[in-house]
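Take a look at the structure below.
The values are calculated or read from the model by the stated rules, or taken from the named source; none is laboratory data. Just so we're clear, the structure is a prediction, and the values are computed from it rather than from any experiment. We place every Cβ from the backbone using ideal geometry, glycine too, and count neighbours over all the protein chains shown. Ligands, DNA and RNA are excluded from the accessible area calculation, which covers all protein heavy atoms including side chains. Shrake-Rupley method; radii C 1.70, N 1.55, O 1.52, S 1.80 Å.
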Amino acid sequence: MVLKDRLYKVSDISVADQQTVACIELLKDSDIYKGHFPGRPITPGVALVQIAVELASLASQSAWGDKHEYNLEKASNIKFLKEINPEELSEITYIMAQAGKGFTKVEIRHNDSVLAKMSLKFINA
């Protein structure tokens, strides 16, 4: 399921020195928040992982000019450190860098605060 333009919009994405930085805006009126949870919307963890997969695909287009579609092969060390409520934190940043054994280290941040960390391994779709 593609979440871009349904749950978030990309404000900016850049690739330099083996690192991708993507700034996104969460769409607080998304139907996903109506079910998770009414009155106190929280961005689902599975959605945060899916956004990383989609951003990796977008980054490949930004860096090499050709679009690679990725799927998630493996995830490890996923840590959700703070709730991400789109009414309180509408803009967040994904920082992705290559790690060992084909994994990509992902940090989700708001300003200087780390909201989540994960290691993801992508495969071509």
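Between Asp17, Asp31, the distinction of being touching a residue at least 24 places away in the same chain (Cβ under 8 Å) and either among the aliphatic types (A, V, I, L, M) or open to solvent by 30 Å² or more (accessible area, probe 1.4 Å) (or both) belongs to Asp31 only.
Look at Ser119 and say whether it is of a type in the set (S, T, N, Q), exposed (fewer than 14 other Cβ atoms within 10 Å of the Cβ) and modelled with pLDDT of 95 or more. Give the derivation first.
Values: of a type in the set (S, T, N, Q): yes; exposed (fewer than 14 other Cβ atoms within 10 Å of the Cβ): no; modelled with pLDDT of 95 or more: yes.
When the stated conditions are applied, Ser119 does not pass them.
Could you check the range 3-23 and list, in sequence order, the residues that are outside any strand (DSSP E or B) and either under 18 Å from Pro86 (Cβ atoms) or aromatic (Phe, Trp, Tyr) (or both)? Within the range 3-23, Leu3, Asp5, Arg6, Leu7 qualify. Within the option set Ala47, Ala75, Ala63, being among the small types (Gly, Ala, Ser), surrounded by 12 or more Cβ atoms within 10 Å (Cβ to Cβ), modelled with pLDDT of 95 or more and closer than 19 Å to Ile13 by Cβ holds for one residue only, Ala47.
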